[in-house]
Amino acid sequence: MRLEDLPLRDDLRGRTPYGAPQIDVPIRLNTNENPYEPSKALVDDLAEEVRRSAATLNRYPDRDAVELRADLAAYLGHGLTGEQVWAANGSNEVLQQILQAFGGHGRSALGFEPSYSMHPIITSGTSTEWVDGMREEDFTLDPGKAVAAIEEHRPGIVFLTSPNNPTGTALPMATIRAVLEAAPGMVVVDEAYAEFAREGTPSALTLLPEFPRMIVTRTMSKAFAMAGTRVGYLAAHPAVVQALLLVRLPYHLSTLTQVAARTALRHRAELLGGVAALRRERDATVAWLRAQGLTVADSDANFVLFGRFEHRKAVWQGLLDRGVLIREVGPPQWLRVSIGTGEEMAAFRAALEGVLRERA
Ligand code: PMP
């Protein structure tokens, strides 16, 4: 039997699943992971906490992850409390719950592409119509055009991604504010990369008291170097959290996940310690790529979008042949490299020099 032979939903026919290649190569700079492994102290603490909670695994977890949410609120600051925070298995699940609660048949979600590819996938997965508002040539968002798109489509949900994936572009507060003032429904500000922003790029969290229909999503996958734990979260008005309780699966966040996330939060000084190094490495990568005569988008994230290549696939393949996996994503002619350790970035530079020399 083939996929086409199944009684699949009509709106899922012909679609492709999310698919960043998981290829086993020495240098993996393709999914914006954090390159720093947990320290021995953290591994030992995690093992001990998991051992302790293993004795209660005959019971369901805390359905509302009350302690974890309080810990996340304390991390975010801004006077937030646990009632304003919600957590799930990665910010992808948080986004899916938002779409389940506020999207659905007959409603639309507007995003500004190029942006995170899962936003349209989660949108259509919940039978919500996806509307693509466009970014400018330099990947910024024109507030006037954004407001016009909102007025034209009246979306139930607007996605803003800041810093944006795959371009690295952060949005000025004035643009976020203009969208919040125009949007008739919910506005999701996806801040998966917030901790990597350059000096002077404030979080949309500062706008929460003013705009109760705004949701700021975050993740422990990037700055916290905990991608394997699968914990994403949001900050919003407590009523928004109540709405999400209507669609979440009972006991969605396992006991082990909650314990691992709380342990990681206790070790946040160590985990977030890598962020400053990654920001420096990012800025050096941008400068180096520009010095090679390449076009590079300014980045507030832990990755850099660069180009422009007539045959980007060949450049991507040339790097892979040299043991460096980056990502063929975003507009045609551009490639994205995640920021790794100093050694990994040296390997990336050497490989790219080789590819460029070969193709010159
Ligand atoms: N939002 C953005 C913009 C992302 O780039 C990613 C991960 N690539 C996510 C959300 C989802 O991350 P996670 O599910 O690991 O929290």
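Which one of Gly274, Gly354, Gly330, Gly318 is modelled with pLDDT under 95 and part of a helix (DSSP H, G or I)?
Gly274
Only one residue in Arg282, Arg218 is under 30 Å from Ala360 (Cβ atoms) and within 16 Å of the ligand (Cβ to nearest atom), so which one is that?
The match here is Arg282.
Of everything in region 82-135, what is in contact with a Lys or Arg (Cβ under 6 Å, 6 or more places away or on another chain), away from the ligand (no atom under 12 Å from the Cβ) and within 30 Å of Trp334 (Cα to Cα)? Give them in sequence order.
Correct list: Phe112, Thr128.
Of everything in region 52-81, what is within 16 Å of the ligand (Cβ to nearest atom) and either closer than 14 Å to Tyr251 by Cα or modelled with pLDDT under 95 (or both)? Give them in sequence order.
Those that are within 16 Å of the ligand (Cβ to nearest atom) and either closer than 14 Å to Tyr251 by Cα or modelled with pLDDT under 95 (or both): Ala65, Leu68.
Within region 8-30, which residues are surrounded by fewer than 16 Cβ atoms within 10 Å (Cβ to Cβ) and either within 16 Å of the ligand (Cβ to nearest atom) or basic (Lys, Arg) (or both)?
Arg9, Arg13, Arg15, Pro17, Tyr18, Gly19, Ala20, Pro21, Gln22
Of everything in region 196-223 that's of a type outside the set (Ser, Thr, Tyr) and buried (at least 22 other Cβ atoms within 10 Å of the Cβ), which residue is farthest from Arg280 (Cα to Cα)?
Met214
Taking region 224-239 as the search range and keeping residues that are in contact (Cβ under 8 Å) with a residue 40 or more places away in the chain and within 11 Å of the ligand (Cβ to nearest atom), which one is surrounded by the fewest Cβ atoms within 10 Å (Cβ to Cβ)?
In this case the residue turns out to be Ala227.
Which of (1) crowded, with 18+ Cβ neighbours inside 10 Å; (2) more than 14 Å from Thr161 (Cβ to Cβ); (3) not hydroxyl-bearing (Ser, Thr, Tyr) does Asn92 not meet, given it meets every other one?
It is condition (2) that Asn92 fails.
Only one of Gly273, Gly354, Gly330, Gly340 is at positive phi, surrounded by 13 or more Cβ atoms within 10 Å (Cβ to Cβ) and of a type outside the set (Asp, Glu). Can you tell me which?
It is Gly330.
Could you check how many residues of region 56-88 are part of a loop (DSSP other than H, G, I, E, B) and either within 20 Å of Leu205 (Cα to Cα) or among the charged types (D, E, K, R) (or both)?
9
Which residues, counting only those in region 166-181, are surrounded by 18 or more Cβ atoms within 10 Å (Cβ to Cβ) and either touching a residue at least 60 places away in the same chain (Cβ under 8 Å) or part of a loop (DSSP other than H, G, I, E, B) (or both)?
Hits for region 166-181 are Pro166, Thr167, Gly168, Thr169, Ala170, Leu171.
Just the residues that are within 16 Å of the ligand (Cβ to nearest atom) and either free of Cβ contacts under 8 Å to residues at least 60 places away in the same chain or not β-branched (Val, Ile, Thr) (or both), please, taken from region 187-204.
Residues satisfying the conditions are Val187, Val189, Asp190, Glu191, Ala192, Tyr193, Ala194, Glu195, Phe196, Ala197, Ser203, Ala204.
Among the residues in region 40-50, are any touching a Lys or Arg at 6+ places or on another chain (Cβ under 8 Å) and of a type in the set (Val, Ile, Thr)?
no
The values are calculated or read from the model by the stated rules, or taken from the named source; none is laboratory data. Remember, predicted model here, so these are calculated numbers, not experimental data. Please note: Cβ atoms are built from the backbone with ideal geometry, for glycine as well, and neighbour counts cover all protein chains shown.
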